[in-house]
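To keep things clear, I will list the structure first and then write my remarks on it.
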Amino acid sequence: MARLLAIVWRLLKGLPLAILTPFVLAFSALALLLSDLVAGFWSRPTFPLDTKPNTRSASVVIPNWNGRELLDKYLPPLIEALSAANGALGDNEIIVVDNGSTDGSAQFVRERFPQVRLVALETNLGFGGGSNAGFRAAKNDIVVLLNSDMRVDRDFLRPLLDGFEHSPTPEQTFAVSCQIFFSDPAKPRQETGLTEGWWQQGGLRVGHRVAPELDQLYPCFYGGGGSCAFDRRKFLELGGFDALYHPFYLEDTDLGYLAWKRGWTVFYEPRSIVYHEHRGTIGKTFSQNYIQGILRKNFILFAWKNIHHGPWMLSHHFFTWASATLTYIAGDAATTNASERATYGGILRACAALPQAIGARMRARQCAVILDREAFRRPMGGHFRDTFELGGDTGKPGQLRSLSVAAREGFGLASIDRLAVLFVAPYPICPPIHGGGVFMNQTVRELAPLCDLHLLILLDHERERAAHAELLPLCASLQMIVRLTGKQKTLLSPTPHAVLEYANRDLAWRIHETIYTRKIDVLQLEYMVMGQYAGQYSHIPSILFEHDVYFQSIARRLPHIKGVIERVQARWEYLRALRYELKLLPKMDRVQVCSTDNAEYIESFAPEMRGHIDDGFRAGIDTRQYAFKSEGREPFTLLFLGSFRHLPNVEALDWFLKEVFPRIRAAEPRARLVLVGSEPPPRHFLRNAEAIEMVGFVEDVRDPLSRYAVFVCPILAGSGVRVKLLEAFAAGIPVVSTTLGAEGLVNPSDPQGICALADDPAEFAAHAVRLLQHPEEAAAMAARARADVVAKRDMRTITARLMESYKAEVGRMRHR
């Protein structure tokens, strides 16, 4: 009862703000819109030519406020590190900016560290204001900004300076950030220096990524204000840290984003190491509630200053109100990230700074040369490589930087001899326990000798990792990520459940990291669910293999779904899949499908896809691995093969057991059915159990394919090409299939004698009985099927064509 009363009191107390806030947000939106209209009449200033800074020495700036103990603790190792870099301080300098401290910090520095320059401010200008004063006082081109609670590694400086010298964009490099460890090694690394940022649900989202494998300069979203080296001239040209965010937090994020929009670049240098005591001053002075309140205000102000894309600003105001309302109703438990969550109080504090935000917004528009969406993309490794290493874009209209010799040579088709290909699989491929696994596994084995193949695989369980060790000798690199398989709440989302199930920020980041560090030329994505990781690149083709057309597969299952709720859910998933897939496919540079039937089906919905679909490069098998055997098979045996995780296989078996198998047994009592596949159905699912043998999962399907007499494929739903049929054809077992089951492999109007086709249960049973009772006829059919699959679907041949298609697409895009 007491808890209920507390909730009611909280809601009543916040009711005036709940009523006022929508009007305040609407007013701010109108004011920002008017400022954009006014700014549109201003002419853009002329920017000076970008130049590379002098990297022989640096000025280290340390803002300080009542941090005497921290200065006493961390200045000595800094002085030692700078002296080690030059033999003495030399041209390096240390500047302590005292922000009106009351603990005697200024006098302490004068007496204890006479070699340190002191800039004593009478009042506290906050982190940003103090830092700006230090930048203005610095004498060197490179300024390293450190928090007073930061301990530096002895060799931290030289990698930072080299970052400006040897970055892919030396004239455009704005900042190089250190790698951060906490002083307490047991503390989780929530702050690393490797920053990332993205726009989601109307707001900025930021984070630090832990990447112990990264050992080279790498683009990042912003350089942390307390552990980063800046180009002093560029820093001052952007106006330094903005007082809009006073007293602290998000100044560095804001400045990094401004730099990217200005066409500059920001890097993370993992070889420059510092150790952070983390909020050594702020955390001891201000309460957590106060800090969170400042962060919530500043996240809103970031959008008001920096986001100029109209639809994004509309979504920002809506989601800001919605998030604040959710927090008001549900309390602090409503969302997980408190600092990024809007509150009514945060909105009002932001509105109090609206005049200042409008001025900052107009200045930000004047120095921006690229759009918001592009500014969020460029810090990602893949987009950075595409833009700066392959495209040579400076971010300035009409200005291209000089390309390296290697980059220039990469533009010619004739010079593309050995490509670097990143192959991304959503499922384990060793062992290949389903048809898609066979396609992926055998493609990888044939593709690896033809290129530098980098393999990235999502696993369901950690135990699946060991089986893939056999691919290590084949690939240039092999990475595996165990995905989170928790239940997704997707009913109200417009995105298909299958896509959300494979949404994984770790995988997205790893793809970008691999493209950048491994200099990837082609991104190969498997299955529609991986299409969300395609990049909108200008020089790196994103190629998607549609193992099946997802919305077609769902549509074909609908007539076989029995429950009312299940049918409603399936129809909703179909509508979502139809919308999503038809928007996704045109964004791909190439789409691979299993057959001409699949290509024509897609084109019937999306005519603009004509000319962008390949139907002959992926759906095949290595026929050399399947020994042809037409004699010595166990008589009167029928083989059903397939993973029972795949619903079309379960539905096919159910139909076969109900409608077909009793007819076969009536005509040929000696007939037996053998079931092979992972995760088989329970025994009560089966009928005529005395004539059915449940084998379950087998390590090698070639054994049952060479052993039993007739292969049955009673598939009623799905899309693509059934790998099990290709394997049956190659192994010499005669096949009876439904028309849909043999889609893409057998022409229903002209089957050419390689497969018996039937959709009627009685006709299907008659074909099976005939092949069981006439083994010579079955052997002749199997021989024709073997010849057909060798001629048209051999993996070695089609993978060679796949490699040529890669070269052609890379050449086309780079010539473009």
Run lengths n ≥ 4 of DSSP H only: what is the helix-derived mean residue ellipticity at 222 nm for the chain, with -39500 (n - 2.57) per run over all residues, to the nearest 500? -13000 deg cm²/dmol
Using only Cα atoms, find the angle between the long axis of helix 596-605 and the longest principal axis of the chain, and express it within 0 to 90 degrees, rounded to the nearest 10. 50
Gain on full stretching of the segment that runs from Glu111 to Asp36 - 0.36 nm per residue minus C-alpha separation: 21.8 nm
Which listed residue (Pro431, Gly531, Thr514) has the Cα farthest towards the positive end of the charge dipole for the chain, taking +1 on Lys and Arg C-beta and -1 on Asp and Glu C-beta about the Cα centre? Gly531
Report, to the nearest 10°, how far helix 2-39 tilts away from the longest principal axis of the Cα atoms in the chain, using its own Cα long axis and a range of 0 to 90°. 80
Here is the link list: Lys562/Lys583; Lys73/Lys187; Lys261/Lys519; Lys52/Lys261; Lys261/Lys587. Which ones come out longer than 27 Å on Cα distance? Lys562/Lys583
Expressed in nanometres to one decimal, the distance between label points 7 Å along Cα→Cβ at Arg816 and Glu122 is 6.2
State to the nearest 20 debye the size of the charge dipole of the chain about its Cα centre, where the only charges are +1 on K and R beta carbons and -1 on D and E beta carbons. 1620
Any residue on another chain or 5+ positions along whose placed amide H is under 5 Å from the amide H of Val674 is listed here as Leu638, Leu639, Phe640, Glu693
What whole-number distance in Å separates the alpha-carbon centres of the stretch 149-190 and the stretch 22-85? 17
Karplus-derived 3J(HN,Hα) from phi for the stretch 510-523 (6.51 cos²θ - 1.76 cosθ + 1.60, θ = phi - 60°), whole Hz, x at Gly and Pro, runs 5, 4, 5, 4, 5, 4, 6, 6, 9, 6, 6, 9, 9, 10
How much length is gained if the chain between Glu566 and Arg233 is pulled fully straight, taking 0.36 nm per residue apart and subtracting their Cα-Cα distance, in nm to one decimal? 113.6 nm
Simple spin-label estimate for Glu634 and Ala352 in nanometres, 7 Å along Cα-Cβ: 8.1
Hey, got a sec? Which chymotrypsin sites (Phe, Trp or Tyr not before Pro) in the stretch 46-122 land in a DSSP loop and have at most 10 other Cβ atoms within 10 Å? none
Kindly list the residues of the stretch 219-263 that lie in the label zone of Thr51, defined by a backbone N under 13 Å from the point 7 Å along the Cα-to-C-beta vector. 232-234
Reduced Cα scattering model of the stretch 570-627, Debye log10 I(q)/I(0), q = 0.16, 0.28, 0.29 Å⁻¹: -0.58, -1.15, -1.19
At a Förster distance of 60 Å, what's the computed FRET efficiency of Lys519 paired with Met1, Cβ-Cβ distance as r, to 0.05? 0.40
Identify the residues of the stretch 600-621 with backbone N under 12 Å of a label point that sits 7 angstrom from the Cα of Ala808 along the Cα-to-Cβ direction, or state none. 611-617
What angle do you read, to the nearest 10 degrees and between 0 and 90, between the alpha-carbon axis of helix 564-584 and the longest principal axis of the chain? 60
Shape call for the stretch 24-165 from the C-alpha gyration tensor, a ≥ b ≥ c root eigenvalues: rounded (a/c under 1.5), prolate (a/b greater than b/c) or oblate? oblate
Which is the longest run of the chain containing none of the GluC sites (Glu not before Pro) found in DSSP loop states (not H, G, I, E, B) with at most 14 other C-beta atoms within 10 Å? 214-630
Using a 7 Å offset from Cα along Cα-Cβ at Ala322, what residues in the stretch 566-580 end up with backbone N under 16 Å from the label point? none
If you take the beta carbon distance between Asp417 and Lys139 as r and set R0 to 51 Å, what does 1/(1 + (r/R0)^6) give as a FRET efficiency, to the nearest 0.05? 0.55
Counting only C-alpha contacts under 8 Å and six or more residues apart, can you give the relative contact order of the chain as a whole percent? 9
Theoretical gain in end-to-end length, Glu165 to Leu500 [0.36 nm per residue, Cα-Cα removed]: 116.4 nm
For Val735, residues with placed amide H under 5 Å, excluding near neighbours: Phe711, Ala756
Report, in debye and to the nearest 20, how large the dipole of the stretch 695-806 comes out about its Cα centre when Lys and Arg carry +1 and Asp and Glu carry -1 on their Cβ. 280
In sequence order, what are the phi-derived ³J(HN,Hα) couplings for the stretch 647-662 according to the Karplus relation 6.51 cos²θ - 1.76 cosθ + 1.60 with θ = phi - 60°, rounded to whole Hz, with x for glycine and proline? 4, x, 5, 5, 5, 5, 5, 4, 4, 5, 5, 7, 9, 10, 4, x
Which loop trypsin sites (Lys or Arg not before Pro) in the stretch 578-638, with loop taken from DSSP, have no more than 14 other Cβ atoms within 10 angstrom of their Cβ? Arg610
If R0 is 45 Å, what FRET efficiency do you get for Leu20 and His461 from their C-beta distance, rounded to 0.05? 0.30
Enumerate the amide H contacts of Gln479 below 5 Å, restricted to partners 5 or more residues apart or on another chain; note that Pro and chain-start residues carry no placed amide H. Leu455, Leu456, Ile457
Ala330 versus Gln366: modelled label distance in nm, points set 7 Å from Cα along the beta carbon direction: 4.3
How large is the Kirkwood hydrodynamic radius of the chain, counting all unique pairs of alpha carbons, in Å? 30.3
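A short reminder: the numbers here are calculations on the coordinates, not readings from a lab. All values reported here derive from a predicted model rather than from experimental measurement. Cβ sites come from the backbone with ideal geometry, for glycine too, and all protein chains shown count toward neighbours.
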